[in-house]
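Here the structure is laid out as structure tokens; the discussion comes afterwards.
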Amino acid sequence: MHSASLRWTLALLIAVSLCASCGSSGSSKISPASYVRAVCAAISPLERDVVARSQAVNKPSASATKAKETLQGFLAAIEQASNRALSGIRSAGTPDISNGSAVAGTIVKAFTQLRDAIHTAGAKANSLPTNSPSTYSAAAQALNTSVRSSLSNIDASGFRNPDIEKAAAKEPACKTLSA
């Protein structure tokens, strides 16, 4: 149970940190610096929530039922935090760079996929068996594999932009995100 939860949490952190220099599909054009500041400010609470709540998920549980309840609470909270991050990213506007709308749209799409993957994981967690620790562990591992697959299918190719990367490297709000 413990290692599956840890790997799942790490997969979430990777997805969050992939987006450390990302943004939105709003119509207002703003400087790359303002854009990454807004995006990183939207992402930071999500990352902090994942880190803080993963401690509870990674603790060994006395029973499969307790482990399942902890996982369900974790996923519900992270889904809510993902929704808040997505709202903040959408509100960031569009960076005033070449293909700024495409970059912003890619970031919104990626965070929508992240949120949807968490929602799906939460729904699947509701049906995890708790009749024995080994049965729960096997099912939790399968869920972990499914989530990792969903997260690995998020297209991060549109995140690369020298202007955005340069602005993110200078932005304190982005520096606090996991690398």
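The values are calculated or read from the model by the stated rules, or taken from the named source; none is laboratory data. Note that the structure is a prediction, hence the values are computed from the model and not measured. Here the Cβ is made from the backbone with ideal geometry for all residues, glycine too, and neighbour counts use every protein chain on show.
Remarks
- Residues of region 123-136 that turn out to be crowded, with 19+ Cβ neighbours inside 10 Å and either at pLDDT below 90 or assigned to a helix (DSSP H, G or I) (or both), as a count: 2
- The listed residue being touching a Lys or Arg at 6+ places or on another chain (Cβ under 6 Å) and of a type in the set (Ser, Thr, Tyr), out of 145, 130: 130
- Within region 115-143, the set of residues being of a type outside the set (Lys, Arg) and touching a Ser or Thr at 6+ places or on another chain (Cβ under 6 Å) comprises 117, 118, 129, 130, 136.
- Any chance residue 145 is of a type in the set (Val, Ile, Thr) and either in contact (Cβ under 8 Å) with a residue 12 or more places away in the chain or touching a His at 6+ places or on another chain (Cβ under 8 Å) (or both): no
- Number of residues in region 58-91 that are surrounded by 23 or more Cβ atoms within 10 Å (Cβ to Cβ) and not hydroxyl-bearing (Ser, Thr, Tyr) equals 7.
- When the residues of region 20-58 are filtered to those that are at pLDDT below 50 and out of contact with any Asp or Glu (no Cβ under 8 Å at 6 or more places or on another chain), the one that is farthest from residue 109 (Cα to Cα) is 20.
- Residues satisfying the stated conditions in region 106-134, i.e. in contact with a helix residue (DSSP H, G or I) (Cβ under 7 Å, 6 or more places away or on another chain) and over 24 Å from residue 89 (Cα atoms): 124, 125, 126, 128, 129, 130, 132, 133
- If you go through region 42-58 and pick out every residue that is more than 14 Å from the chain's Cα centre (by Cα) and in contact (Cβ under 8 Å) with a residue 12 or more places away in the chain, you end up with 3.
- Residues that are touching a Leu at 6+ places or on another chain (Cβ under 7 Å) and without any contact (Cβ under 8 Å) to a residue 40 or more places away in the chain, drawn from region 90-116: 112, 115
- For the criterion of being in a loop (DSSP other than H, G, I, E, B), under 20 Å from residue 42 (Cα atoms), within 14 Å of the chain's Cα centre (by Cα) and not hydroxyl-bearing (Ser, Thr, Tyr), residue 154 passes.
- Taking region 60-88 as the range and being touching a residue at least 12 places away in the same chain (Cβ under 8 Å) and not in a helix (DSSP H, G or I) as the test, the residues that pass are 60, 61, 63.
- In region 96-112, the residue that is surrounded by the fewest Cβ atoms within 10 Å (Cβ to Cβ) out of those that are closer than 15 Å to residue 166 by Cα and touching a strand residue (DSSP E or B) at 6+ places or on another chain (Cβ under 7 Å) is 96.
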